[in-house]
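Working notes for the structure below.
The values are calculated or read from the model by the stated rules, or taken from the named source; none is laboratory data. Because the structure is a prediction, the values reported are computed rather than measured. Quick reminder, even Gly has a Cβ in these numbers, built from the backbone with ideal geometry, and neighbours come from all protein chains shown.
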Amino acid sequence: MALTGLQIQKLLPATNCKECGSNTCLAFAMKLAGKKAELAQCPYASEEAKRVLGAASEPPVRCVELGPDRKLKLGGEVVLYRHEKTFVHQTALALNLNDTDPPAAIEAALTTVSTYLLERVGEELRIDLVAVTQKGSDAAAFASLAGKAWSQTKRPLVLRSPDVAALTAAAVAVKGSRSVLCAASPEAAAQLWRVAKENDHALALTAPDLNQLVALAGEIKKQGLNDLLLQFSTCSLAEQFQTSSIARRAALKDGVKSLGYPTLRFIDTGNLLDDTMAAVNEVTKYGGICVLPQFDAAQMASLMTLRLNVFTDPQKPIQVEPKVYPIGEPKPDSPIFVTTNFSLTYFIVSGEIENSGISAWLVVPECEGMSVLTAWAAGKFNGGTIAKFIKEINFESQVTRRELVIPGYVAQISGELEENLPGWKVMVGPSEAADLESFVKSRLK
Ligand code: SF4
């Protein structure tokens, strides 16, 4: 039976030393109860705590950490559907290189991985890993390409080769990168688990069917390596969808520990549209690492945007810091707009003001990341709260203009806002941000 936070707290040292990253032992106990932390994060956990909590404190899908600083986290999932709580660690996207690719193509791919940056609602999105595949017969060249990919991009790698000796040489060459070694078969896995352990890498397993994969994962774990990924042997998109769903359900609902690992999928259908559909399946259906065969800007931007939508916490809207944002180079008498601190709202409104070609101030009070109408309905965005925020930050001393433009959806707060901000006039702007440009041209210029 699952333990409650209070029951778990009684097993912890009660020193509140914060070394686990939580402020108190109780806060850490609550995270353990919610399967959002692992007992290993507390260096002072007693043997009894380890025994009692042990497996019960681990998320049903193991969290595998990659990269030298272990910042790239996979798995750690606790629910089947996002709306039940949230998904925890997003699908990592990787770009594949083959050792037989022309040098110029390899350089271009490595530069892309290092420099690619997509900004969405204030988040900086980058390519997470590089996969290096051996297609030629030169093991030394494969290891050397792995070393080059690691030193140039500083991303963890996914190393793939049918040759255990080549994979071993590459694993040693990139020791310290905390990468993934892909065992091409159960027999290869039996030789590679020790290499992965000695060089501090994770190991991806594969087997002809799910039953054999379960047996293999159990066997490798028994040997002492638990940082595993699973590669399903499937031959169609439908089969991959079904297998991923079955495995995740078995791990979460039936407690099948050997399926409780993040997955790895190499995509290469030979067709950009089919590749994209397969990658979408990974992002939406439990993919751990999704390796793309080459870079396509439109595909990457679409996948990253989809991923951002799937993996944000539905209980915590993405928000921007409450403050006054200058747009362009505003002067004390420049127009002043007000909106909420829900990221999407902020970025759309600020973008539309920018498009209108004027410089302005955008006042963003604390609204707990809610959109305009939701914040208004929750009592977080009204005449009183906006006026309070403007006074608290002493905005009146920074500007000479005394006119605020509020969103059209909350026209009803204009009177209350004028009452709370004596000397200010309130202008009702458009309801839709898309109409801001024409509003600026007709009313403010
Ligand atoms: Fe408590 Fe352990 Fe966290 Fe310290 S590290 S606060 S003892 S749970």
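At-a-glance table
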{"read-out": "Residue ranges of strands (runs of 3 or more DSSP E) in the stretch 52-124 with at least 1 members small (G, A, S)", "value": "92-98"}
{"read-out": "Residue count, the stretch 167-194 (criterion: surrounded by fewer than 22 Cβ atoms within 10 Å (Cβ to Cβ), under 26 Å from the mean Cα position of the chain (by Cα) and at negative phi)", "value": "1"}
{"read-out": "Selection within the stretch 113-128 - touching a strand residue (DSSP E or B) at 6+ places or on another chain (Cβ under 7 Å) and either surrounded by 12 or more Cβ atoms within 10 Å (Cβ to Cβ) or polar (S, T, N, Q) (or both)", "value": "V113, L118, L125, I127, D128"}
{"read-out": "Flag if T86 is away from the ligand (no atom under 16 Å from the Cβ) and surrounded by fewer than 15 Cβ atoms within 10 Å (Cβ to Cβ)", "value": "no"}
{"read-out": "Subset of the stretch 403-414 [touching a strand residue (DSSP E or B) at 6+ places or on another chain (Cβ under 8 Å) and under 15 Å from T385 (Cβ atoms)]", "value": "L404, I406, P407, I413, S414"}
{"read-out": "Some residue of the stretch 7-24 being closer than 20 Å to K73 by Cα and charged (D, E, K, R)", "value": "yes"}
{"read-out": "Enumeration of residues in the stretch 308-359 that are under 19 Å from Y409 (Cβ atoms) and in a strand (DSSP E or B)", "value": "Q319, I336, F337, V338, F342"}
{"read-out": "Scan of the stretch 25-45 for residues that are modelled with pLDDT of 90 or more and either closer than 28 Å to L205 by Cα or not aliphatic (A, V, I, L, M) (or both), ordered by number", "value": "C25, F28, C42, P43, Y44"}
{"read-out": "Selection within the stretch 413-445 - aromatic (F, W, Y) and either part of a helix (DSSP H, G or I) or crowded, with 18+ Cβ neighbours inside 10 Å (or both)", "value": "F439"}
{"read-out": "Matching residues in the stretch 4-36 - criterion: being crowded, with 18+ Cβ neighbours inside 10 Å, part of a loop (DSSP other than H, G, I, E, B) and near the ligand (Cβ under 9 Å from one of its atoms)", "value": "L12, C20, S22"}
{"read-out": "Contacts under 7 angstrom Cβ, first residue in the stretch 38-59 being within 25 Å of K253 (Cβ to Cβ) and within 14 Å of the ligand (Cβ to nearest atom), partner acidic (D, E) and modelled with pLDDT under 85, 6 or more apart", "value": "E38/E58; S57/E38"}
{"read-out": "Conditions (1) closer than 18 Å to V121 by Cα; (2) in contact with a helix residue (DSSP H, G or I) (Cβ under 7 Å, 6 or more places away or on another chain): number failed by Y409", "value": "(1)"}
{"read-out": "Criterion violated by A297 - all others in (1) among the small types (G, A, S); (2) surrounded by fewer than 17 Cβ atoms within 10 Å (Cβ to Cβ); (3) within 15 Å of L362 (Cβ to Cβ) satisfied", "value": "(3)"}
{"read-out": "Spans of helices (runs of 4 or more DSSP H) in the stretch 164-279 with at least 2 residues farther than 22 Å from K148 by Cα", "value": "186-198, 210-223, 237-253"}
{"read-out": "Residues of the stretch 214-238 satisfying the condition of being within 15 Å of V61 (Cβ to Cβ) and buried (at least 18 other Cβ atoms within 10 Å of the Cβ)", "value": "V214, A217, D227, L228, L229, L230, F232"}
{"read-out": "Qualifying residues in the stretch 380-412 (those that are in a helix (DSSP H, G or I) and of a type in the set (S, T, N, Q)) - the one surrounded by the most Cβ atoms within 10 Å (Cβ to Cβ)", "value": "T385"}
